[in-house]
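Contents: one structure, followed by commentary.
Laboratory data are not the source of any read-out in this text; all were calculated from the coordinates shown. Computed from a prediction, not measured in an experiment: that's the story for all the values here. Ideal geometry is used to build each Cβ from the backbone, glycine not excepted, and the neighbour counts take in all protein chains shown.
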Amino acid sequence: MNRISKEQLLHLREKYLPGTRVELLKMNDPYSDLSRGDTGTVISVDDIGTIHVSWDSGSSLGIVYGEDSCRVIETQ
């Protein structure tokens, strides 16, 4: 398990506010139906740095700190 510092956690919580739209870049879960490029809306960031997302596909898997990655989608 990857540990997260208080500073890193604060940065994640500032970057991934609830309602932020994100795109999946990588998910290290062989059982997930999510694929690179899937999009969703951030629900929250928990105390261990998992970014909880409501994916447009209906999934609710979180982005695990240090294992998975996503990026903010710039909305207009």
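The ranking of L34, L10 by Cβ neighbour count inside 10 Å, starting from the fewest, reads L10, L34. Under the convention that each Lys and Arg Cβ holds +1 and each Asp and Glu Cβ holds -1, the size of the dipole of the chain around its Cα centre is about 200 debye.
Scaling against 2.2 N^0.38 Å puts the C-alpha radius of gyration of the chain at 1.02.
Here each label is just a point 7 Å from Cα along the line to Cβ, and for S35 and E74 those points are 2.7 nm apart.
Within a 10 angstrom radius of the beta carbon, how do Y16, Y31 rank from fewest other beta carbons to most?
Neighbour counts put them in this order, fewest first: Y31, Y16.
Only one residue of G37, Y65, I48 has its Cα farthest out toward the positive end of the dipole of the range 26-76, where Lys and Arg carry +1 and Asp and Glu -1 on Cβ, and that residue is G37.
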